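The values are calculated or read from the model by the stated rules, or taken from the named source; none is laboratory data. All values reported here derive from a predicted model rather than from experimental measurement. For neighbour counting, all protein chains shown are included, and Cβ atoms are generated from backbone atoms with ideal geometry for every residue, glycine included.
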Amino acid sequence: MITDNQTNFLYLADTLPKNYPDFYKRFEKVLTDNNIEFSLLLQTKDVWAVDYMPIQTELNKFVRFVYNPSYLQTKKLLKTIPDVDKICAEIGIETLKTDIIADGGNITRWKNKVIMTDRVFKDNPTYKRKQLIKDLHELLQVDKLYFVPEQPGDFTGHSDGMVRFIDENTVVINDYKQEKEWFYRAFEIAINNTGLDYIKIPYNVYDNKSNDQANGDYINYLQMENTVIIPTFGIKEDNEAVKQLETIFAGQTITTIDSNEIANDGGILNCITWNIKTDK
């Protein structure tokens, strides 16, 4: 499995500069200032590139899950599902296809480990649980596959806004002390059951006007080779979150970007990026 800190090239959806021009200008500058090579994916229909693009398991191996999540099943939202085959062909990538429905945002990974929410079982009702887990192990080429409960109110059911790997044995998780008690307990039990060490970081989405907004979720940062870009929101938790992540990722280039525009629509930096490892 290719990890985020091994990636050296970034793709963004061509809908990003169209839909969020001010944010895109700022983000483009941050990427350029940090010498991150990037390009636009053509013929996209929404900005959340990590969800519909394939998962890179080896340098030249990409696994493509079916992008047909339950939260896009209205007439209007079905139109936002792109033709991923065309997008991949445009950039010269061949994929290994599976009929399993899964979003990239629900595949939080390290070299031999993946964390997903239990949404994957709901999205694949025709699969028996054991068979689905077996197939995921084989497709993702991992030894360990962990599941955590999806967060109440999160329409996507993704794990990348809840937990991220720092190294093989450690993850960062949101400090869910203000969440519903049953979820807080269930999530911590699930994390403890993984046997992984964890570090809590600030989390405050509770002043948002809607559950669909992600403002205040710092864990959805962008990580690439030697660089971590942290979203900020102009709230009091910004400084604490940035300082803590600077300590966690000591030795790497750390920068920030105001991410309110995209967070207002439910996604942040990991959601809008598809970063891969190339042999360039």
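Listed here are the helices (runs of 4 or more DSSP H) enclosed by the stretch 1-64 that have at least 3 residues being of a type in the set (Ser, Thr, Tyr) and in contact (Cβ under 8 Å) with a residue 40 or more places away in the chain, and there are none.
Residue by residue, here is whether (1) at pLDDT below 95; (2) buried (at least 16 other Cβ atoms within 10 Å of the Cβ) holds:
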site: 15; (1), (2): no, yes
site: 22; (1), (2): no, no
site: 49; (1), (2): no, yes
site: 53; (1), (2): no, yes
site: 71; (1), (2): yes, no
site: 78; (1), (2): yes, no
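If you take the residues of the stretch 92-102 that are in a strand (DSSP E or B) and not charged (D, E, K, R), which of them is surrounded by the fewest Cβ atoms within 10 Å (Cβ to Cβ)? Across the stretch 92-102, the extreme among qualifying residues is 96. Would you call residue 7 among the β-branched types (Val, Ile, Thr), more than 25 Å from residue 164 (Cα to Cα) and buried (at least 21 other Cβ atoms within 10 Å of the Cβ)? Taking the combined requirement at face value, the residue does not satisfy it. Each residue in the stretch 144-199 was checked for being basic (Lys, Arg) and touching a strand residue (DSSP E or B) at 6+ places or on another chain (Cβ under 6 Å), and 2 pass. Across the stretch 119-138, not a single residue is classified as under 21 Å from residue 203 (Cβ atoms) and either touching a Phe, Trp or Tyr at 6+ places or on another chain (Cβ under 6 Å) or among the hydrophobic types (A, V, I, L, M, F, W, C) (or both). Would you check if residue 130 is in a helix (DSSP H, G or I), over 20 Å from the mean Cα position of the chain (by Cα), of a type outside the set (Phe, Trp, Tyr) and within 23 Å of residue 2 (Cβ to Cβ)? Answer is no for this residue. Within the stretch 108-139, the residues that satisfy the criterion of being crowded, with 22+ Cβ neighbours inside 10 Å and of a type in the set (A, V, I, L, M) are 114, 115, 116, 120, 136.
Across the stretch 136-153, the number of residues qualifying as touching a residue at least 60 places away in the same chain (Cβ under 8 Å) and either assigned to a strand (DSSP E or B) or among the β-branched types (Val, Ile, Thr) (or both) comes to 1. Within the stretch 247-280, restricting attention to residues that are more than 18 Å from the chain's Cα centre (by Cα) and part of a helix (DSSP H, G or I), the residue that is nearest to residue 48 (Cα to Cα) is 248. Taking the criterion of being assigned to a loop (DSSP other than H, G, I, E, B) and surrounded by 16 or more Cβ atoms within 10 Å (Cβ to Cβ), the residues of the stretch 192-211 that qualify are 196, 202, 204, 205, 208. Here residue 228 meets the list (1) surrounded by fewer than 23 Cβ atoms within 10 Å (Cβ to Cβ); (2) touching a Leu at 6+ places or on another chain (Cβ under 7 Å); (3) assigned to a loop (DSSP other than H, G, I, E, B) almost entirely, failing just condition (3). If only residues of the stretch 141-186 that are of a type in the set (Phe, Trp, Tyr) and modelled with pLDDT under 95 are counted, the one that is nearest to residue 200 (Cα to Cα) is 176. Only one of 238, 207 is more than 18 Å from the chain's Cα centre (by Cα), at pLDDT 95 or above, farther than 17 Å from residue 3 by Cα and not β-branched (Val, Ile, Thr); which? On inspection, the qualifying residue turns out to be 238. Please tell me if residue 105 is in a loop (DSSP other than H, G, I, E, B), of a type in the set (Gly, Ala, Ser) and either touching a residue at least 60 places away in the same chain (Cβ under 8 Å) or surrounded by fewer than 21 Cβ atoms within 10 Å (Cβ to Cβ) (or both). Here the answer is no, as residue 105 does not meet what is asked.
Note on the stretch 244-280: among residues that are among the small types (Gly, Ala, Ser) and touching a residue at least 40 places away in the same chain (Cβ under 8 Å), the one that is farthest from residue 214 (Cα to Cα) is 259.
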